[in-house]
1. Within region A:256-275, count every residue that is assigned to a loop (DSSP other than H, G, I, E, B), away from chain B (no Cβ under 14 Å) and under 19 Å from residue A:15 (Cβ atoms).
2. Among the residues of region B:205-214, write down those that are within 15 Å of residue B:250 (Cβ to Cβ) and touching a helix residue (DSSP H, G or I) at 6+ places or on another chain (Cβ under 6 Å).
3. When residues of region A:44-69 are filtered for being outside any loop (DSSP other than H, G, I, E, B), farther than 21 Å from residue A:115 by Cα and within 11 Å of chain B (Cβ to nearest Cβ), how many remain?
4. Any residue at all in region B:70-81 that's buried (at least 22 other Cβ atoms within 10 Å of the Cβ), within 14 Å of another protein chain (Cβ to nearest Cβ) and free of Cβ contacts under 8 Å to residues at least 60 places away in the same chain?
5. Being over 21 Å from the mean Cα position of the chain (by Cα) and assigned to a loop (DSSP other than H, G, I, E, B) is the filter here; which residues of region A:95-143 pass it?
6. Anything in region B:75-91 that is under 21 Å from residue B:16 (Cβ atoms) and in a loop (DSSP other than H, G, I, E, B)? List them, or say none.
7. Would you say residue B:174 is in contact with a strand residue (DSSP E or B) (Cβ under 6 Å, 6 or more places away or on another chain) and either at pLDDT 95 or above or closer than 23 Å to residue B:243 by Cα (or both)?
């Protein structure tokens, strides 16, 4: 599968947001984490998605985080910040801001408070968002995560969006876990960049013509994900060893609340317990879960890249 | 059932938010609507809840709307603005602001993007919200609407909240439609003000010791809801005629997208088609749905109070 120039692809971490004790973002640690990811297998950075706890920050905080990373030298062209919000007016503000900073793309949830809404309503919201963002540089990746948003993107509404805005609505992150849904989009929408949100779907969708992956587990496993990606895209071979490692990481980590578990792993790896701060309604792992997680993680025999 | 002084009770409309063509709020029309409701059966006003499309407005817009109503003379002591948001930091800002304006109470959704969260996480969020609001004048009514929020309040977490914050967490609006859940709370938490979000539960819960109702249909039916409320609270009698009318209104209106239908009814009643503006992902009724709705509404034989 070939994609148009400027379309993001490859391995993207759904980047965690480190915090201070008062739960303000720690931009120094976040910048370091982003550099470490780019140095260890990430082609791009899914900043402030679900794993980045975007919806637990105000619009202002989200803009300050992205701005802080840009100022600290994180390449915005490799960044795909989440700019979706419950209110389309906030999505407009966040999207304009991300485009102004030079973001390579934006990952956009539909307005997600109201459930059972029509395709007409979802289309109307994106029409307002794209008009409001007002930039030909805007590249939107739809964010399909029905388990959290409660507002799925049907293939019909995707077709309406890519037909109406072919230069702007260029891809999707599918966190549903439904591989058939991902393969269906790869087939129905040629050139549309489909990114699974899980290691469990990554290789199969890539082989079918997917664009790569955007996953939480890539916060710790991006080096292995890149081996899988490179083997397939460069040689059409499967790196079974690397793929088995990311599947095992996914399996172990997803036994626990995913984001708290990833923050615990980074806390141990960095020796900095502050990594475990997380905004409610999420809570850190308790001691027994943390100990179990570490034991199971160590059993995989995967060494995190040095910091 | 007796409630502590200052607890809201009786009939409350979940007030619609009229808009201009550009979908900015029309505060003149909204002020008139609030006065009309208070003159026609409403004891209080549930401003900027789901029916008020709160989650389709930015935090700033929500504060401007409430401030505009206060300046226009809408009694804040009779108002229960919704101050819940996806991010607890926004809930803090909105709640502080509502308390500063003298709101009689605030209706608070839990942070609603992340699903499957623990009671510990919900408790932690409310702990932060109450600490952040920082006022002994704060009266929180929990907003239980699992069909939209995806984050239900268990009775266990309610018990933890009313035990930890007995002066602050004083009631709940239950929009689940689950009458057994409402009756269970009335029984388990004496003095805790339980408000059904639907006419279908209003009388039964009132008879069991509920505090009243907060409903969308009260935007057009509050005069009849007040007859039901007064007959029971003053004489322990049932006004069957009035109750049948609000049940019929609910039945007819809920065949359509509820808020669009209510806005269509107000547009016809006021002769002002602008009443139908609604923010996406909601959309106005189409012509055939509107015609069907009006015919079914007229069949009830209920005359809206004059404007």
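1. In the first step, residues of region A:256-275 are kept if they are assigned to a loop (DSSP other than H, G, I, E, B); the result is A:256-257, A:271-272.
Keeping just the survivors that are away from chain B (no Cβ under 14 Å) gives A:271-272.
From what is left, the residues that are under 19 Å from residue A:15 (Cβ atoms) are A:272.
The qualifying residues number 1.
2. Here is the first cut: in region B:205-214, the ones within 15 Å of residue B:250 (Cβ to Cβ) are B:205, B:213-214.
Answer for region B:205-214, where residues must be within 15 Å of residue B:250 (Cβ to Cβ) and touching a helix residue (DSSP H, G or I) at 6+ places or on another chain (Cβ under 6 Å): B:205, B:213.
3. Kept after step one, since they are outside any loop (DSSP other than H, G, I, E, B), are these residues of region A:44-69: A:44-46, A:54-56, A:59-69.
If we keep only those that are farther than 21 Å from residue A:115 by Cα as well, we get A:44-46, A:59-69.
From what is left, the residues that are within 11 Å of chain B (Cβ to nearest Cβ) are A:59-62.
Of the residues in region A:44-69, 4 are outside any loop (DSSP other than H, G, I, E, B), farther than 21 Å from residue A:115 by Cα and within 11 Å of chain B (Cβ to nearest Cβ).
4. No, there is no match, as no residue in region B:70-81 is buried (at least 22 other Cβ atoms within 10 Å of the Cβ), within 14 Å of another protein chain (Cβ to nearest Cβ) and free of Cβ contacts under 8 Å to residues at least 60 places away in the same chain.
5. A:114, A:115, A:116, A:117, A:118, A:134, A:135, A:136
6. The answer is B:75, B:80, B:81, B:83, B:84, B:85.
7. Working: in contact with a strand residue (DSSP E or B) (Cβ under 6 Å, 6 or more places away or on another chain): yes; either at pLDDT 95 or above or closer than 23 Å to residue B:243 by Cα (or both): yes.
Judged against the criteria, residue B:174 is a match.
Residue-by-condition table, conditions (1) within 13 Å of another protein chain (Cβ to nearest Cβ); (2) surrounded by 16 or more Cβ atoms within 10 Å (Cβ to Cβ); (3) touching a helix residue (DSSP H, G or I) at 6+ places or on another chain (Cβ under 8 Å); (4) under 20 Å from residue A:163 (Cβ atoms):
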position	(1), (2), (3), (4)
A:98	no, yes, yes, no
A:101	no, yes, yes, no
A:119	yes, yes, yes, yes
A:138	no, yes, yes, yes
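The values are calculated or read from the model by the stated rules, or taken from the named source; none is laboratory data. This structure is a prediction, so every number in the text was calculated from the model and none was measured. As a convention, Cβ positions derive from the backbone with ideal geometry for all residues, glycine included, and neighbour counts pool all protein chains shown.
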